[in-house]
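One structure is given below, encoded as structure tokens.
The values are calculated or read from the model by the stated rules, or taken from the named source; none is laboratory data. Since the model is a prediction, treat every value here as computed from it, not as a measurement. Positions of Cβ are generated from backbone atoms using ideal geometry, with glycine treated the same way; all protein chains shown enter the neighbour counts. Just the protein is used for accessible areas: all its heavy atoms, side chains included, with ligands, DNA and RNA removed. Shrake-Rupley method; radii C 1.70, N 1.55, O 1.52, S 1.80 Å.
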Amino acid sequence: MRITSCGMTDVGVKRTNNEDNYLINDEMNLFVVCDGMGGHVGGEFASAIAVNTIEEVLTSVDLEDANLDVDPDDGPVELTRERLRYSIRLAGKRIYEKADEEPEDKGMGTTAVAILV
């Protein structure tokens, strides 16, 4: 299957800063869109953390160390689903930890949509 991809982002009409981040990894067929939660501080940082974490996990983390709750006999679809789930959970944890370390970023968050074909 051939997938053609592109990405574009726009600040919109309500905000002065853009809180969007996206990832296109054509080699892996990995596509991620994150949008910082409008009205909350640090949304642009939260969306960047999420995009970077998802890519890091899916490209380089040894998933055996991740303690994925999946039986290898379940097949590649289940393993892929669990890898993606793990990467998003880890991104959420990192965002929470960053907000905890930096009082000015308290309450930051992001939405995330990801597909790994």
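So what does L84 come to for accessible area, using a 1.4 Å probe and Å² rounded to 10?
Rounded to the nearest 10, that gives 30 Å².
Based on Cβ point charges of +1 for Lys and Arg and -1 for Asp and Glu, what charge dipole magnitude is obtained for the chain about its Cα centre, in debye rounded to the nearest 20?
Here the chain has a charge dipole of around 520 debye.
Report the net charge of residues surrounding G12, where surrounding means a beta-carbon distance below 11 angstrom and charges are Lys +1, Arg +1, Asp -1, Glu -1.
-2
Per-residue HN-Hα couplings for the range 17-25, Karplus 6.51 cos²θ - 1.76 cosθ + 1.60 at θ = phi - 60°, whole Hz, x for Gly and Pro?
Coupling constants for the range 17-25: 10, 8, 9, 8, 9, 9, 9, 10, 10 Hz.
Tell me the net charge near N25. Cut-off is 14 Å between Cβ atoms, N25 excluded, with +1 for each Lys or Arg and -1 for each Asp or Glu.
With Lys, Arg at +1 and Asp, Glu at -1, the neighbours total -3.
Heavy atoms only, probe 1.4 angstrom, no DNA, RNA or ligands counted: give me I115, I95, I88, I49 ranked by accessible area, highest first.
The most accessible residue leads, giving I115, I88, I49, I95.
Enter the accessible area per residue of the chain (Å², integer; probe 1.4 Å; all protein chains in place).
Per-residue accessible area for the chain comes out at 66 Å².
What list of ³J(HN,Hα) values in whole Hz, one per residue of the range 109-117 in order, does the Karplus curve 6.51 cos²θ - 1.76 cosθ + 1.60 (θ = phi - 60°) give from phi, with Gly and Pro shown as x?
The phi angles translate into x, 8, 8, 8, 10, 9, 9, 10, 8 Hz.
Calculated from DSSP H runs of 4 or more alone, at -39500 (n - 2.57) each and per residue, what is the 222 nm mean residue ellipticity of the chain, nearest 500?
When only DSSP H runs of four or more count, the value is -13000 deg cm²/dmol.
Projecting each Cα onto the charge dipole of the chain (Lys/Arg +1, Asp/Glu -1 at the beta carbon, about the Cα centre), which of M8, L23, G109 comes out farthest on the positive side?
My answer, from the dipole projection, is M8.
Report, to the nearest whole %, how much of the accessible area of the chain belongs to carbon and sulfur atoms, 1.4 Å probe, protein only.
That fraction is 50 percent.
Using θ = phi - 60° and the Karplus curve 6.51 cos²θ - 1.76 cosθ + 1.60, what whole-Hz ³J(HN,Hα) does each residue of the range 91-104 get, with Gly and Pro shown as x?
Per-residue couplings from phi come out as 4, x, 5, 5, 5, 4, 5, 5, 5, 5, 6, 10, x, 6 Hz.
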